[in-house]
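A.B. asks: One structure, as structure tokens, below. Some questions next.
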Amino acid sequence: MEDIRIKSSLRNEDIRSLNFIREQNAFIFRRHYRSGLRSHIMEMLWTKDLNNEIHGVGKDGIRWFPRARPLKMLRIFRRYFKNLKQAIEEIDRFHILVNYLTPKHLAMSEEFLVDYIVQQKRDILLCGLQEYVDGENLDPWTRIRSGYIGYLADRLLTTRNGSEAFTKEQLMVNIRSNTESFVNRIKTMIVEKRYIPDLAGVRNVLVTGNGQIKLVDINNISFVSFNECIITDDIGYPVCDKSIEALALIEKIILNKKINTRDPFYARLFQSGRQSEIERLHRRFHQSVQTKGSFF
């Protein structure tokens with residue numbers, strides 16, 4: 001059997017065949033489109049809901065095909081761990097996120113380690129059952145530099161459940177206040193623990209139907225260094241600097257704050273030659289992904 005950590009994608013049958021999964025006909029696992037380089041992400045669906053999505057349900061003489069809503073998101077970490085201590089350290093970093101962001105700003109996950117049997121060998125595999133969050137992407141790289149908060153409110157009003165209970169103005173107030181809370185908690189975590197989550201990736205931060213701000217990508221938590229060193233993660237991405245840049249842009253486009261180049265959080269981004277080096281590393285990372293084959 002091929003190691004699931006190196007497979008490009010997984011199917012329901014792959015999950016069912018894992019030694020630590022018990023057979024339960026009530027659930028179906030479907031690949032989520034956000035599965036990527038660090039984790040397989042599978043939607044955990046009620047079988048009856050998926051059947052309704054495929055075959056439809058009759059109502060008032062009309063057949064509807066409601067999309068199955070995940071009960072949970074199953075994440076299977078691709079990383080290989082040398083020992084149990086290293087795996088526990090990964091979970092400990094997630095608990096730091098929990099302590100600072102709390103369920104208000106974090107898609108909560110029940111992290112667990114399993115004894116994974118592959119090719120007659122036993123290995124440590126990190127998994128998680130994560131809260132499913134339905135929301136709009138809070139995109140720090142958006143080209144909308146004016147009125148972005150209004151754009152998000154409009155999107156929520158037309159596409160997301162729950163937002164119909166709010167007016168556009170109420171949603172805008174909620175988004176702004178929750179963004180400020182989110183940014184402040186991230187900054188406090190940086191100061192006190194010297195860690196920052198990956199804020200730079202596409203759809204890593206979502207805005208829910210009531211204007212809540214939630215981090216959903218918990219797989220890449222970087223140490224923050226305030227010296228001249230540019231930290232890259234295990235696959236060569238300058239995640240720390242790009243996340244701090246994303247944090248600055250969130251403050252700018254949502255909170256309408258002018259970025260102070262002398263602010264201790266952002267000053268290093270404006271050091272001579274630093275941004276050009278960050279972009280060089282950023283381009284090299286994407287070229288490497290394209291060469292090896294992307295799982296996104």
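A.B. asks: How large, in percent, is the carbon and sulfur part of the accessible surface of the chain at a probe radius of 1.4 Å? List each step's numbers first, then the result.
C.D. replies: Numbers: 7900 of 15540 Å².
Accessible surface attributable to carbon and sulfur in the chain totals 51 percent.
A.B. asks: Shifting gears a bit: For the pair residue 146 and residue 158, how long in nm is the line joining their label points, each one 7 Å along Cα→Cβ?
C.D. replies: Computed distance between label sites residue 146 and residue 158 equals 2.1 nm.
A.B. asks: Once you've got the GNM for the chain with C-alpha springs shorter than 10 Å, pick whichever of 281, 171, 101 has the biggest mean-square fluctuation.
C.D. replies: Of 281, 171, 101, the most mobile in the Gaussian network model is 281.
A.B. asks: Assigning unit charges at the beta carbon (Lys, Arg +1; Asp, Glu -1) and nothing else, what dipole magnitude in debye, to the nearest 20, does the chain show about its Cα centre? Write out the running numbers ahead of the final one.
C.D. replies: Details: 47 positive and 36 negative charges, 82 e Å.
About 400 debye.
A.B. asks: Compute the Kirkwood hydrodynamic radius of segment 156-285, taking the inverse of the mean of 1/r over all pairs of distinct Cα atoms, and give it in Å to one decimal. All intermediate terms of the calculation are to be shown ahead of the outcome.
C.D. replies: On the way: mean 1/r = 0.0632 Å⁻¹.
With all distinct Cα pairs of segment 156-285 included, I get 15.8 Å.
A.B. asks: Just how large is the dipole of segment 198-296 about the Cα centre, in debye to the nearest 20, putting +1 at every Lys and Arg Cβ and -1 at every Asp and Glu Cβ?
C.D. replies: Computed charge dipole of segment 198-296: roughly 280 debye.
A.B. asks: Per-residue ellipticity at 222 nm for the chain, helices alone: DSSP H runs ≥ 4 residues times -39500 (n - 2.57), over residue total, nearest 500 deg cm²/dmol? Walk me through the numbers before you get to the answer.
C.D. replies: On the way: 7 runs with 109 residues, N = 296.
Rounded to the nearest 500, it is -12000 deg cm²/dmol.
A.B. asks: Report, in cubic angstrom per residue, the convex hull volume of the C-alpha atoms of segment 71-208. Mind showing how you got there, number by number?
C.D. replies: Numbers: hull volume 19.0 nm³, N = 138.
Convex hull of Cα atoms, per residue: 138 Å³.
A.B. asks: For residue 36, list long-range residues whose amide hydrogen, built 1.01 Å from N in the peptide plane, is under 5 Å from its own amide hydrogen.
C.D. replies: Result for residue 36 returns 41.
A.B. asks: How much length would be gained if the chain were fully extended between residue 262 and residue 80, taking 0.36 nm per residue of separation minus their Cα-Cα distance, in nm to one decimal? Numbers along the way, then the final one.
C.D. replies: Details: separation 182, 0.36 × 182 = 65.52 nm, distance 3.97 nm.
Length difference between fully extended and current span is 61.6 nm.
A.B. asks: If you wrap a convex hull around the Cα atoms of the chain, how much volume per residue is inside, in Å³?
C.D. replies: Numbers: hull volume 45.1 nm³, N = 296.
It is 153 Å³ per residue.
A.B. asks: Using 0.36 nm per residue, how much length does the chain from residue 223 to residue 192 gain when fully extended, once their Cα-Cα distance is taken away?
C.D. replies: On the way: separation 31, 0.36 × 31 = 11.16 nm, distance 1.17 nm.
Separation in residues times 0.36 nm, less the Cα-Cα distance, equals 10.0 nm.
A.B. asks: While we're on this one: Among DSSP bridges having both ends in the chain, what percentage is antiparallel? Round to the nearest 5.
C.D. replies: Details: 37 of 38 bridges.
Expressed as a percentage, antiparallel bridges in the chain total about 95.
A.B. asks: If you count only protein heavy atoms with a 1.4 Å probe, what accessible area per residue comes out for segment 140-296, rounded to a whole Å²?
C.D. replies: I get 50 Å² per residue for segment 140-296.
A.B. asks: In addition: Anything over 20 Å Cα to Cα? Flag those among 82/214; 59/168; 187/214; 187/258, in the order listed. Provide the component values of the computation, followed by the final result.
C.D. replies: Working: 82/214 31 Å; 59/168 31 Å; 187/214 15 Å; 187/258 17 Å.
Long pairs (Cα-Cα over 20 Å): 82/214; 59/168.
A.B. asks: Kyte-Doolittle mean at least -0.5 and Cα extent at least 15 Å along the axis: which DSSP H helices of the chain qualify? List each step's numbers first, then the result.
C.D. replies: Details: long enough: 84-105 (30 Å, -0.28); 148-159 (16 Å, 0.44); 168-193 (37 Å, -0.45); 239-254 (22 Å, 1.05); 274-292 (27 Å, -1.73).
The qualifying helices are 84-105, 148-159, 168-193, 239-254.
A.B. asks: What relative contact order, as a whole-number percentage, does the chain give when Cα pairs under 8 Å and 6 or more residues apart are counted?
C.D. replies: Numbers: 457 pairs, mean separation 45.3, N = 296.
Reported as a whole number, the value is 15 percent.
The values are calculated or read from the model by the stated rules, or taken from the named source; none is laboratory data. Here the structure is a predicted model, which is why all the values come from computation and not from measurement. Note that we place each Cβ from the backbone using ideal geometry, even for glycine, and neighbour counts take in every protein chain shown. These accessible areas exclude ligands, DNA and RNA; they are computed on the full protein's heavy atoms, side chains included. Shrake-Rupley method; radii C 1.70, N 1.55, O 1.52, S 1.80 Å.
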